[in-house]
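These notes concern the structure reproduced below.
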Amino acid sequence: KVYVACQSMLIVLVGAAPEYHIDQEESPFSRAELAKRIRFANNFTSIVTEAMCLACFLSLFGQWYLVEGEAYKVGLASSLFFAGLLIGNITFGPLSDKLGRKPVYISGLFFDVIFGYVTALAPNYDVFAVSRFFVGIVNGGMALVSFVLTQEYVGKSFWSFTGSLTNLTFAVGIAVYALLGYCVREWRYLALLSNTPGVIFFLLSFMLPESPRWLYSQGKTAEAEHVLQYIALSNGKEQLNLKLKPCAGTLRKDEPAPGILNLVKHPVLRWRTVILMYIWYVCSFVYYGLTLNAGELRGNLYLNVALYGLVEIPAFPLCMVFIEKSWCGRRRTMASFLVFAGFACMFTLFLPTNAGLFFSPTLLALCGKMMVSAAFNIVYIYTSELYPTVLRNAGLGVCSMSCRFGGILAPFVPSMKSLGPFVPFVVFGISGLSAGFLTLLLPETLNKPIAESIEDLHIPKYQVLKNKKA
């Protein structure tokens with residue numbers, strides 16, 4: 001997740017535009033003379049200043065000059081990355097459900113590293129933008145599969161811990177990337193440095209076993225037993241006398257594997273998917289929207305990027321405290337965080353414009369962002385528990401796809417300030433409240449076993465596991 005965070009936040013520093021002025025701006029001149037007339041205030045480089053640093057080399061491939069009328073290309077490269085994330089989320093999930101978690105994860109990580117180096121060595125903007133699109137596809141898909149793989153390595157009682165820790169390291173990765181950017185000001189070196197850990201993780205990933213839950217759901221009981229024995233021995237346990245019963249939902253050879261259409265065909269999964277897609281959409285919509293509306297952070301660029309990640313860290317201990325309590329659980333905790341985030345936005349309507357620091361709209365918006373970050377963390381864990389193993393990645397992929405639409409729409413909400421200064425906060429507040437109340441329609445998964453097949457969703461033993469000995 002640290003590597004994923006560096007790739008996700010790459011454009012923030014690599015595409016940063018320092019203050020500049022153009023000599024004799026009123027005079028018409030060709031783009032070839034722009035490098036002679038433009039003056040940048042800062043000493044760091046980015047794709048915006050690329051023509052200033054490597055003008056001789058780049059003149060052979062085309063000049064960048066991402067200023068004035070070409071400035072939109074920085075945002076376009078970012079949009080292409082998020083478009084790639086959307087495609088990766090929807091394609092990698094079903095692939096890993098059919099082919100296995102490990103091969104799809106390793107393949108995605110391999111191409112993520114390859115396209116990451118293409119980004120760093122791009123000779124022109126076109127190659128840079130296309131590489132960011134493909135990085136988005138493999139980065140988003142690989143990150144989704146790795147999350148599921150991490151969850152399926154451990155027992156159900158550890159899912160809240162591993163899920164929270166996984167998302168916590170993403171926030172830490174944002175701060176790590178800011179530190180790298182502070183130390184390395186040349187954008188190509190920064191892109192190379194932030195991509196290099198992917199090579200290490202790729203080599204280490206070959207040591208990982210396949211998901212025992214996926215093997216079991218596919219009827220590969222002997223291989224699942226072997227992986228469980230390997231995990232037990234790695235944990236310092238003695239040789240176990242382990243024998244798994246055949247999975248009730250194991251497919252016959254003449255039966256097709258469950259696909260993404262099963263999320264629509266089965267009524268139970270259909271309503272879960274519709275509600276979860278909206279919740280994921282709202283989490284992304286409110287999270288990125290509050291980031292844009294919490295006030296423009298001025299000052300050191302690298303410190304601002306670090307704070308962008310560190311402000312989320314307190315949300316994860318809150319999740320781990322509440323989601324394991326029997327009186328709260330996954331459902332009520334996530335609903336509470338979403339409702340709190342909604343009310344935090346709505347309360348900005350009642351604050352005077354001259355309110356102090358502790359009652360300012362910015363502080364309320366930041367509190368709302370922390371709460372929606374907590375909800376974002378829980379929805380990963382909660383969603384993975386609501387889908388059976390044979391469709392877990394497909395379900396997460398569809399929900400992640402709707403999440404990307406929320407991130408795409410969020411930047412347009414600030415323009416609603418023309419209707420009133422607090423209109424954007426009202427939009428975010430209503431969204432958070434509606435998603436919070438819809439969460440209460442979902443079943444609780446605390447103290448319940450994980451379904452391996454679609455048939456398990458209808459078996460009574462998978463509906464309650466309370467005050468019973470496993």
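The values are calculated or read from the model by the stated rules, or taken from the named source; none is laboratory data. Note that the structure is predicted; figures quoted are calculated from it, not measured. Every residue, glycine as well, gets a Cβ built from its backbone with ideal geometry; the counts of neighbours run over all protein chains shown.
The rows are residues; the columns are (1) modelled with pLDDT of 80 or more; (2) surrounded by 12 or more Cβ atoms within 10 Å (Cβ to Cβ); (3) in contact with a helix residue (DSSP H, G or I) (Cβ under 7 Å, 6 or more places away or on another chain).
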site	(1), (2), (3)
Leu228	yes, yes, yes
Ala232	yes, yes, no
Leu261	no, no, no
Trp280	yes, yes, yes
Leu297	no, yes, yes
Tyr308	no, yes, yes
(request) Within segment 184-195, work out how many residues are modelled with pLDDT of 90 or more and exposed (fewer than 15 other Cβ atoms within 10 Å of the Cβ). (result) 1
(request) Hey, can you tell me all the residues within segment 384-434 that are more than 22 Å from Phe340 (Cβ to Cβ) and among the aromatic types (Phe, Trp, Tyr)? (result) Tyr387, Phe405, Phe412
(message) Are there helices (runs of 4 or more DSSP H) fully within segment 113-211 with at least 1 residues that are among the charged types (D, E, K, R) and on the phi < 0 side of the Ramachandran plot? List them.
(response) 125-153, 187-195
